[in-house]
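The values are calculated or read from the model by the stated rules, or taken from the named source; none is laboratory data. Model, not experiment: these values are computed from the prediction. Ideal geometry is used to build each Cβ from the backbone, glycine not excepted, and the neighbour counts take in all protein chains shown. To get the accessible areas, we keep the full protein, side chains included, count just its heavy atoms, and leave off ligands, DNA and RNA. Shrake-Rupley method; radii C 1.70, N 1.55, O 1.52, S 1.80 Å.
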Amino acid sequence: IKNMDAVFTCDLEDWNHGLHIEANGHSSIDSVWWLQYKLAQYKIKAIFYVLKRFSDEHPGMIEALKHAGHVIKSHGINHYHWEEADRKPYSWLGFTGGFYFRLFPYWLIKKEVVRKKHLYIHPHDLDENHPKLSNPILNWKRHVGLKNSRLKLERLMREIAWDEPPEN
């Protein structure tokens, strides 16, 4: 039953951008295409906070998102917290997405998204093929919950009435 309103956002960056390591040939771009398809399927408009580095590496994706009617904003240049961006990473979001989206059970994520009226997701949160990392704690943090993340997100897409994103 759709009886709640929330804004859907995506921090548009590749799996390695926030880690400041080389990609070694892997990209989470397939997850972005999947997300764009699902947003269209459920008629959801989102705000995409785009990292300049991602935009430089995937300009066609940015144009496709604009063409689909999504709002495009800045997430900075290289994902450093001191950069100028429309939104500073994670300072006010609580556990309405990202690592927490994958870690916590569906009922808790839905409750928090409804309370905060906001969801944020990263392409790597939907990327089951995310490369293994040498740091075991970071590897766990990046892989926990990946197996069911797409199913969990699609359920949220169905069950929440998503607001049109504000232009500013």
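General observations
- Karplus-derived 3J(HN,Hα), 6.51/-1.76/1.60, for each residue of the stretch 40-45, Hz, glycine and proline x: 5, 4, 9, 6, 10, 9
- Contour minus Cα-Cα distance for residue 72 and residue 5 (0.36 nm per residue): 22.1 nm
- Take the stretch 91-168 with all the other protein chains still there, run a 1.4 Å probe, and you get 54 Å² of accessible area per residue.
- Accessible area, probe 1.4 Å, largest first, for residues 47, 72: 72, 47
- Pairwise FRET efficiency - residue 128 versus residue 57, Cβ, R0 = 22 Å, nearest 0.05: 0.60
- Hypothetical label at residue 24: residues of the stretch 107-141 whose amide nitrogen lies under 15 Å (7 Å Cα-Cβ projection): 129-140
- Checking the cross-link pairs 38/147; 43/147; 111/152; 38/152; 52/152 against a 19 Å limit on the alpha carbon distance flags 43/147; 52/152 as lying beyond it.
- Accessible area of residue 134 in the full protein assembly, 1.4 Å probe (Å², nearest 10): 120
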